[in-house]
Amino acid sequence: MTQPTQHQKVLIVDFGSQVTQLIARRLREASVYCEIHPFQKAEGALAAMNPAAIILSGGPESVHEEGSPRAPQGVFEAGVPVLGICYGEMTMCEQLGGKVEGGHTREFGRAEITVQKTSPLLADLAPVGENEEVWMSHGDKIVAIPQGFDVVASSEGSPYAVIADESRRFYGVQFHPEVMHTPRGHQMLKNFTHGIAGLKGDWTMAAYRDEKIAQIREQVGDAKVICGLSGGVDSSVAAVLIHEAIGDQLTCVFVDTGLLRKDEAKQVTTLFREHYNIPLIHVDASKEFLGELAGISDPETKRKTIGRLFIEVFDRESAKIEGAEFLAQGTLYPDVIESVSSSSGKAHVIKSHHNVGGLPDFLKLKLVEPLRELFKDEVRAVGAELGLPEGIVHRQPFPGPGLGIRIIGEVTQERLDLLRRADAIVRAELTAAGLDRQIWQCPVVLLADVRSVGVQGDGRTYGHPVVLRPVTSEDAMTADWARIPDDVLSRISNRITNEVDGVNRVVLDVTSKPPGTIEWE
């Protein structure tokens with residue numbers, strides 16, 4: 001991953017915690033550039049980054065068990081501040097001469113720590129003798145701390161809830177300051193980065209835009225770049241950023257699969273051809289995709305079919321662009337983390353419809369990934385810096401296979417048209433209610449292989465249900481279902497059942513799932 005050389009950096013060593021990315025989110029919110037690297041690769045990352053501070057994340061392992069993960073010894077010899085969080089505190093203790101044991105009372109959930117001693121880590125928080133609310137999640141217990149450390153705070157189950165070696169600027173906390181359930185955890189992290197490590201907080205999207213334009217020019221030179229444009233925020237921001245850097249050396253290829261939402265193809269071509277004057281090849285391959293999908297109901301087979309055909313069409317059209325040496329992708333930092341950190345292969349399965357792991361060998365193009373260091377909200381901020389329309393910057397995410405995986409069963413033109421109308425109504429009503437920013441995504445799913453009997457007026461209806469899954473998310477990595485006001489749901493339901501022939505029931509799904517996951521498949 002390309003290092004932003006002009007910024008002070010924090011290395012986050014990942015021991016497998018489910019919330020490690022939240023550490024990075026909190027630091028980025030405080031304008032601090034940071035990168036997450038798995039503990040197995042932390043030694044190389046330490047040398048490459050030359051960080052101004054290091055954070056050791058939590059994790060599911062037990063430090064006292066043989067073969068459990070450890071931080072590279074260089075972490076404690078780098079001469080920079082180190083903060084251990086949960087497992088990170090425990091491995092710090094073990095590696096520096098302390099002791100951790102299992103079999104003690106576990107602490108999970110809300111807890112109160114009592115401040116025993118002043119420390120810059122807890123500046124502007126509870127004073128000595130007072131309590132601070134935190135979120136615990138551990139089953140092991142530190143029973144002895146290394147020489148040079150003092151107890152800063154304790155809890156009922158953790159005598160060493162906060163420890164510090166102020167001379168070496170080593171700190172450990174047994175709770176998770178990165179989660180929202182530690183109300184002032186963001187202040188603790190900022191105390192560490194800004195107060196203890198002395199970071200200025202120089203990571204801004206305005207600076208990122210200028211730096212990335214210079215990097216793109218240096219990387220590409222006089223060569224031509226192809227960008228696979230979908231019209232989503234990631235590819236749109238990537239395209240406009242690259243166009244600012246190299247102008248007409250960029251050509252966008254927009255493959256219309258026929259699986260897009262209502263009027264999307266027209267919106268994309270109008271915006272990029274007429275507003276930005278970016279060279280754009282628009283390929284209407286809808287008949288090809290529908291033909292290939294005929295008779296296929298299995299969701300994973302649909303994904304793979306759509307992905308394979310997309311690459312084939314894209315490759316065919318890209319071959320017509322003479323002198324192209326680079327391919328631009330809207331890869332984001334969560335994609336990078338998943339690809340690097342997943343040893344189980346699960347991320348590959350979950351994201352089987354995305355080209356996260358790289359390009360097929362036959363494309364023979366070098367990658368330009370200008371958004372590779374960014375989280376989703378940072379991409380939106382760059383889009384705003386570039387002047388993209390509000391509707392693009394804050395549009396709902398849309399999976400690569402499009403409506404093809406939002407139809408349960410075979411994909412047909414009739415079913416696509418029906419789902420498009422229902423989806424357009426949902427998006428229009430959410431926009432009219434001012435919920436676009438609160439609701440990150442609201443997939444509309446057609447249960448095409450299911451029919452239900454209903455009554456409208458004096459007659460019976462026999463139609464398909466559609467299912468709404470409104471989702472909230474900060475970073476596109478964790479999600480919860482969104483609470484839509486009853487009056488908005490009522491308007492959505494009435495409009496769909498009245499205006500979309502073939503649909504006679506609207507179902508609200510309130511299952512908490514990762515973004516984009518459809519359980520009925």
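Observations
- Ligands, DNA and RNA are left out, and with a 1.4 angstrom probe the accessible area of the chain is 43 Å² per residue.
- Packing order of peptides 169-179, 327-337, highest average first: 169-179, 327-337 (average count of other Cβ atoms within 10 Å over each peptide's residues).
- The accessible-area ordering, largest first, of the residues Lys376, Lys364, Lys304 stands as Lys364, Lys304, Lys376, per a 1.4 angstrom probe.
- Computed from Cα positions, the angle between helix 233-246 and the longest principal axis of the chain comes to roughly 90 degrees.
- Within the range 164-284, antiparallel bridges make up roughly 20 percent of the DSSP beta bridges whose residues both belong there.
- Among beta bridges that DSSP assigns inside the chain, antiparallel share in %, nearest 5: 45 percent
- Cys86 sits with roughly 10 Å² accessible to a 1.4 Å probe, with DNA, RNA and ligands left out of the calculation.
- For the listed peptides 122-130, 382-390, a ranking on the average number of other beta carbons within 10 Å per residue, highest first, reads 382-390, 122-130.
- Computed with a 1.4 Å probe on the full set of protein chains, the accessible area for Trp135 sits at about 70 Å².
- The range 68-151: C-alpha gyration tensor shape, a/c 1.5 cut-off, then a/b vs b/c: oblate
- Straight-line reach from Lys141: taking Cα to Cα under 18 Å and skipping same-chain neighbours fewer than 8 places apart, the aspartates and glutamates in range are Glu61, Glu65, Glu66, Glu89, Glu94, Glu101, Glu107, Glu112, Asp150, Glu156.
- Flagged links, alpha-carbon separation over 24 Å, of Lys117/Lys190; Lys200/Lys366; Lys9/Lys212; Lys9/Lys190: Lys200/Lys366
- Alpha-carbon Rg with Dmax, taken over the chain, Å: 25.6, 82
- Listed residues His275, His7 arranged by accessible area, highest first, probe 1.4 Å: His275, His7
- Heavy-atom accessible surface of the chain: percent carbon and sulfur, 1.4 Å: 47 percent
- The angle between the Cα long axis of helix 486-499 and the main principal axis of the chain comes to about 20°, on a 0 to 90 degree scale.
- In the chain, Cα pairs under 8 Å separated by at least six residues give a relative contact order of 10 percent.
The values are calculated or read from the model by the stated rules, or taken from the named source; none is laboratory data. Note that the coordinates shown come from a computational prediction; the quantities given were computed from them, not determined experimentally. All Cβ positions, glycine included, derive from the backbone under ideal geometry; neighbour counts span all protein chains shown. Heads up: the accessible areas ignore ligands, DNA and RNA and are worked out on the full protein's heavy atoms, side chains in. Shrake-Rupley method; radii C 1.70, N 1.55, O 1.52, S 1.80 Å.
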